[in-house]
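Before any comments, here is the structure.
The values are calculated or read from the model by the stated rules, or taken from the named source; none is laboratory data. This is a predicted model, so every value here is computed, not measured. Positions of Cβ are generated from backbone atoms using ideal geometry, with glycine treated the same way; all protein chains shown enter the neighbour counts. Surface accessibility is based on the protein's heavy atoms, side chains included, excluding ligands, DNA and RNA. Shrake-Rupley method; radii C 1.70, N 1.55, O 1.52, S 1.80 Å.
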Amino acid sequence: MDRIIDIVLPAIPQTLIMVFASTVIALLIGIPLGIILTTTRPGGLTESAKFYSVLDGIINILRSFPFVILMIVVFPLSRLIVGKSYGTAAMIIPLSVSAAPFVARLMEGYFIQVDSGIIEAAKSMGSTKREIIFKVLIPEAMPMIITGITMTIINVIGYSAMAGVMGGGGLGDVANRYGYQRNEPLILWSAVVVIIILVQIVQFVGNALAKKIDKRR
């Protein structure tokens with residue numbers, strides 16, 4: 001038992017660092033992209049069919065990359081930013097690049113679900129496009145945004161396990177190095193249980209927050 005604790009416990013902070021740093025970066029990139037997609041799409045506040053088509057295509061291409069291949073492609077960027085292509089800090093880059101298009105597409109889907117009547121009412125009262133985005137669109141979609149953030153964190157937890165196998169450390173590395181390569185099933189399943197617990201905690205907190213701020217309830 002002590003051996004399991006000594007091996008698994010230090011890996012948890014590494015996974016948490018990868019997950020939450022990557023999620024924050026992905027949100028900082030993905031939410032603005034989602035807003036741009038929503039406002040430039042046909043019928044949007046700043047409709048621009050050509051711009052939307054190009055951005056939509058780029059996001060679709062990035063989302064089509066299998067994560068393992070994307071990590072390999074992004075490794076040079078990791079070396080440029082953090083000086084190496086392995087370790088927890090280096091894996092934050094491909095995790096962020098992978099999650100950002102996912103966030104952008106989620107946010108676009110949530111924003112277009114906002115009642116168009118509310119937006120039209122804001123327009124009729126003389127609200128600027130900026131005011132409509134930040135005082136109508138985002139607040140109205142906030143419960144869904146919280147759900148999207150929850151989904152993103154859970155997805156990144158799964159990706160972080162793959163990143164661990166590729167030299168990122170964390171629970172994925174423990175499961176691979178000790179559980180698989182050294183055939184220690186107790187350590188393997190301990191890492192799996194910790195990952196499951198992390199996912200359940202994130203899901204519970206996300207659901208509670210979304211429910212709390214949902215004005216429709």
Qualifying trypsin sites (Lys or Arg not before Pro) for region 39-84 [loop in DSSP, other Cβ within 10 Å: at most 12]: K84
If you line up the long axis of helix 67-82 against the longest principal axis of the chain, both from Cα atoms, how many degrees apart are they, to the nearest 10? 90
Using the Kirkwood formula on the Cα atoms of region 1-70, what hydrodynamic radius do you get, in angstrom to one decimal? 15.1
When the label point is put 7 Å from the Cα of S53 along its Cα-to-beta-carbon vector, which residues of region 1-41 have a backbone N closer than 16 Å? 40-41
Find, among the trypsin sites (Lys or Arg not before Pro) in region 151-212, those assigned to loop by DSSP (not H, G, I, E, B) with at most 11 other beta-carbon atoms within 10 angstrom. R182
Can you give the FRET efficiency for M151 and I4, using 1/(1 + (r/R0)^6), R0 = 45 Å, r = Cβ-Cβ distance, to the nearest 0.05? 0.90
Against the longest principal axis of the chain, how steep is helix 11-40, in degrees 0 to 90 to the nearest 10, with axes from Cα atoms? 20
Return the Rg/Rh value of region 116-175, two decimal places, where both radii are evaluated on C-alpha atoms and Rh is the Kirkwood radius. 1.38
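Just from its helices, what would the mean residue ellipticity at 222 nm be for the chain, if runs of 4 or more DSSP H residues each count -39500 (n - 2.57) and the sum is divided by every residue, rounded to the nearest 500 deg cm²/dmol?
Rounded to the nearest 500, the figure is -25500 deg cm²/dmol.
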Give me the net charge of F204's neighbourhood, meaning all other residues with Cβ under 14 Å from the Cβ of F204; Lys, Arg count +1, Asp, Glu -1. +2
Within the accessible area of the chain (1.4 Å probe), percent carbon and sulfur: 67
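Regarding region 63-217, what whole-number volume in Å³ per residue does the convex hull of its Cα atoms give?
Convex hull of Cα atoms, per residue: 125 Å³.
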Give me the Kirkwood hydrodynamic radius of region 78-133, using the inverse of the mean 1/r over all pairs of distinct Cα atoms, in Å to one decimal. 14.3
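Could you report the chain's accessible area per residue, 1.4 Å probe, as an integer in Å²? Write out the running numbers ahead of the final one.
Working: 11650 Å² over 217 residues.
Per-residue value: 54 Å².
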In terms of modelled amide H atoms, which long-range or inter-chain residues lie less than 5 Å from the amide H of S48? R41
In this model, which of K50/K129; K50/K123; K50/K84 are farther than 28 Å apart at the alpha-carbon? K50/K84
In degrees, nearest ten, helix 138-163 long axis to first principal axis of the chain (Cα): 20
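Out of every Cα pair in region 1-153, what percent are spaced more than 23 Å from each other? Write out the running numbers ahead of the final one.
Values: 5518 of 11628 pairs.
When all Cα pairs of region 1-153 are counted, 47 percent exceed 23 Å.
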